[in-house]
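Peer 1: Once you've had a glance at the structure underneath, I'll fire off some questions.
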Amino acid sequence: MYILAPSVLAADFGKLGEAVQETEKGGARYIHLDVMDGAFVPSISFGMPVLSSLRGYTKQVFDVHMMVEDPGRYIEDIKKAGADLITVHQEACIHLDRVINQIKAAGCKAGVALNPATPISTLECVLDQVDLILIMTVNPGFGGQKFIPYTLEKVRALRGLLQERGLDTDIEVDGGVTPDNVRALMDAGANVFVAGSAVFKNDIGENVKRFMDIFKERES
Ligand code: DX5
Ligand code: ZN
């Protein structure tokens, strides 16, 4: 099952509720929410008040991507704000195993993200603990960047490793994902696709439909 996770970072924040609803109407099952602290990444985005306001506008899965140092400090608050899936960066957690357990104890699905330059071997010990692995396909911090081609090989290698272990863990990709490169990412083994600019710039309904049509063509 292929899933589209529109990243609200590229949306018009003055009309966030309606923009998100439009993606839900088009068939996007997740909504991707990038929380940035200005320390782990250079930029600051939004936090709990925005998440909890938005919660009332959609039934989509709240896919919260925490680009935050020491994210364990905020897990319970993020859950309270409406998160269903919480993804933390391997690079931001000294005690990754503990943070994964915290996420599960809060009643959320647990994801771990890797920056482009972080090898997948850093997750070997926790592979069977996580629900999702997010492979960053740009350097995190900003929307609208260009897809980094070598990350495709990371997705392929990760899918291979998961299969060797008998796991069908979700692989999410994030950054520079468009209808033009999504097929290559599907071939490599990704199944959850974050897209910011490719969804929220110009006609949202039409953009979502382009992704959905590609998913359908593969699923039929
Ligand atoms: C980048 C964020 C992404 C970003 C993707 O740090 O994690 O989710 O919004 O935006 P696009 O699809 O425009 O690259
Ligand atoms: Zn993201």
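Peer 1: Could we say that Met36 is modelled with pLDDT of 95 or more and either among the polar types (S, T, N, Q) or more than 14 Å from ligand 2 (Cβ to nearest atom) (or both) here?
Peer 2: no
Peer 1: From Ala81, Ala5, which residue is open to solvent by less than 10 Å² (accessible area, probe 1.4 Å), modelled with pLDDT of 95 or more and more than 15 Å from ligand 1 (Cβ to nearest atom)?
Peer 2: Step by step, each of Ala81, Ala5 is checked, and only Ala81 is open to solvent by less than 10 Å² (accessible area, probe 1.4 Å), modelled with pLDDT of 95 or more and more than 15 Å from ligand 1 (Cβ to nearest atom).
Peer 1: If I ask for residues that are outside any helix (DSSP H, G or I) and away from ligand 1 (no atom under 15 Å from the Cβ), which ones from the stretch 147-162 would you list?
Peer 2: Hit for the stretch 147-162 is Tyr150, nothing else.
Peer 1: For the stretch 42-64, check the following and say yes or no: at least one residue is open to solvent by 20 Å² or more (accessible area, probe 1.4 Å), within 15 Å of ligand 1 (Cβ to nearest atom) and touching a residue at least 60 places away in the same chain (Cβ under 8 Å).
Peer 2: Yes.
Peer 1: Quick one: what pairs do we get from the stretch 1-23, first residue without any contact (Cβ under 8 Å) to a residue 60 or more places away in the chain, second more than 10 Å from ligand 1 (Cβ to nearest atom) and part of a helix (DSSP H, G or I), C-beta under 7 Å, 6+ apart or different chains?
Peer 2: Leu16/Leu54; Gly17/Leu54; Val20/Leu54
Peer 1: Something else: Name the residue that is nearest to ligand 1 (Cβ to nearest atom), counting only residues in the stretch 8-41 that are more than 14 Å from the chain's Cα centre (by Cα) and within 15 Å of Pro71 (Cβ to Cβ).
Peer 2: The residue in question is Val41.
Peer 1: Let me ask another. Being basic (Lys, Arg) and under 17 Å from the mean Cα position of the chain (by Cα) is the filter; apply it to the stretch 150-204 and report the residue that is surrounded by the fewest Cβ atoms within 10 Å (Cβ to Cβ).
Peer 2: That would be Arg159.
Peer 1: If a residue counts only when it is in contact with a Leu (Cβ under 8 Å, 6 or more places away or on another chain) and of a type in the set (Val, Ile, Thr), which helices (runs of 4 or more DSSP H) contained entirely in the stretch 1-95 have at least 2 such residues?
Peer 2: 16-26
Peer 1: Out of the stretch 24-40, which residues are aliphatic (A, V, I, L, M), over 18 Å from Gly111 (Cα atoms) and touching a residue at least 40 places away in the same chain (Cβ under 8 Å)?
Peer 2: Ala28
Peer 1: Return only the number of the condition from (1) touching a strand residue (DSSP E or B) at 6+ places or on another chain (Cβ under 7 Å); (2) closer than 22 Å to Ile3 by Cα that Gly144 does not satisfy.
Peer 2: Answer for Gly144: the failing condition is (1).
Peer 1: Could I ask something else about it? When both residues are 6+ apart or on different chains and their Cβ atoms are under 7 Å apart, which pairs have a first residue that lies in the stretch 120-141 and is within 16 Å of Thr169 (Cα to Cα) and more than 16 Å from ligand 2 (Cβ to nearest atom), and a second that is open to solvent by less than 30 Å² (accessible area, probe 1.4 Å) and charged (D, E, K, R)?
Peer 2: Once the first residue is within 16 Å of Thr169 (Cα to Cα) and more than 16 Å from ligand 2 (Cβ to nearest atom) and sits in the stretch 120-141, its partners that are open to solvent by less than 30 Å² (accessible area, probe 1.4 Å) and charged (D, E, K, R) give Ile120/Lys154.
The values are calculated or read from the model by the stated rules, or taken from the named source; none is laboratory data. Owing to the predicted nature of the structure, the values given are computational and were not obtained by experimental measurement. Cβ sites come from the backbone with ideal geometry, for glycine too, and all protein chains shown count toward neighbours. Side chains are part of the model used for accessible areas, which takes the heavy atoms of the whole protein and leaves out ligands, DNA and RNA. Shrake-Rupley method; radii C 1.70, N 1.55, O 1.52, S 1.80 Å.
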